[in-house]
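Before any comments, here is the structure.
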Amino acid sequence: MTIPEAAQLVIQAGSMAEGGDVFVLDMGKPVRIDDLARRMIHLMGLTVRDDQHPEGDIEIAYTGLRPAEKLYEELLIGNNVTGTQHPMILRALEHSLPWERVQPLLDEILVAMSRFDCQRALQLLGDVVVEYKPVPESHDLVWARQTAVSSDDRKVTNLNTRRITRNTGPSDTARP
């Protein structure tokens, strides 16, 4: 989908809004990242550097998935979606909470996060988000050190230990 097409859908969805609506835009079929990268390189008048073309301008490097990176994007938690007057604009029927209820919950979640109390944070999310279904822990969870790289001196600093999910497989689709 082009930027003008996406902008037109957003404007049209805004005109359909009745207050507090959540819209999902049909972005079309997925596009392979490799195809998109090659197309963008060629649109800039450059060539891809690879085994067949070692003199090319830009090399495409395949790095695989990084921690917490996904192969596809989940746009909604639930399945409560209805159509609208436009075939590419859908309306999601989402649960909502008044701000008076949200603010104390956010405060509790921040406290749980500052204490690294994952169980409490998950419990709070489960109590508030009806559609939230936590994934049971599996043997694929690994312990890792969270690090941050200082942009000033590129020094790596160890912050804390946390649990992350190991991802495998190539990330080969995206929506432009």
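Total residues in segment 84-96 satisfying the condition of being surrounded by 11 or more Cβ atoms within 10 Å (Cβ to Cβ) and either in contact with a helix residue (DSSP H, G or I) (Cβ under 8 Å, 6 or more places away or on another chain) or among the hydrophobic types (A, V, I, L, M, F, W, C) (or both): the figure is 8.
Identify the residue in segment 41-70 that is in contact with a strand residue (DSSP E or B) (Cβ under 7 Å, 6 or more places away or on another chain) and closer than 18 Å to residue 31 by Cα and, among all such residues, is surrounded by the most Cβ atoms within 10 Å (Cβ to Cβ). Per the stated criteria, the residue is 41.
Which residue, of 151, 114, is out of contact with any Gly (no Cβ under 8 Å at 6 or more places or on another chain), at pLDDT 90 or above and exposed (fewer than 11 other Cβ atoms within 10 Å of the Cβ)? Let's see the steps before the verdict.
Details: 151 fails: at pLDDT 90 or above.
On inspection, the qualifying residue turns out to be 114.
Residues of segment 84-132 that are of a type in the set (Asp, Glu) and over 29 Å from residue 24 (Cα atoms): 107, 108, 117.
Within segment 84-102, the set of residues being at pLDDT 85 or above and either under 24 Å from the mean Cα position of the chain (by Cα) or under 30 Å from residue 8 (Cα atoms) (or both) comprises 84, 85, 86, 87, 88, 89, 90, 91, 102. When residue 46 is tested against (1) aliphatic (A, V, I, L, M); (2) closer than 21 Å to residue 83 by Cβ; (3) part of a loop (DSSP other than H, G, I, E, B), just one condition goes unmet, and that condition is (2).
Each row is one residue, and each column tells you yes or no for (1) out of contact with any Pro (no Cβ under 8 Å at 6 or more places or on another chain); (2) closer than 24 Å to residue 127 by Cα.
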{"position": "1", "(1), (2)": "no, no"}
{"position": "25", "(1), (2)": "yes, no"}
{"position": "35", "(1), (2)": "yes, no"}
{"position": "38", "(1), (2)": "yes, no"}
{"position": "44", "(1), (2)": "yes, no"}
{"position": "51", "(1), (2)": "yes, no"}
{"position": "70", "(1), (2)": "yes, no"}
{"position": "87", "(1), (2)": "yes, no"}
{"position": "93", "(1), (2)": "yes, yes"}
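Looking only at residues of segment 117-146 that are closer than 22 Å to residue 67 by Cβ and either in a strand (DSSP E or B) or small (Gly, Ala, Ser) (or both), we find that the one that is modelled with the highest pLDDT is 121. If you go through segment 7-18 one residue at a time, do you hit one that is on the phi > 0 side of the Ramachandran plot and modelled with pLDDT under 90? Checked against the condition, which is being on the phi > 0 side of the Ramachandran plot and modelled with pLDDT under 90, segment 7-18 yields no hits at all. Remark: pairs (first residue in segment 11-29, assigned to a helix (DSSP H, G or I); second residue surrounded by 11 or more Cβ atoms within 10 Å (Cβ to Cβ) and aliphatic (A, V, I, L, M); Cβ separation under 6 Å; 6+ apart in sequence or on different chains) = 13/89.
The values are calculated or read from the model by the stated rules, or taken from the named source; none is laboratory data. These figures come from a predicted structure and were not determined experimentally. When we count neighbours, we look across all protein chains shown, and the Cβ atoms used for this are built from the backbone with ideal geometry, even at glycine.
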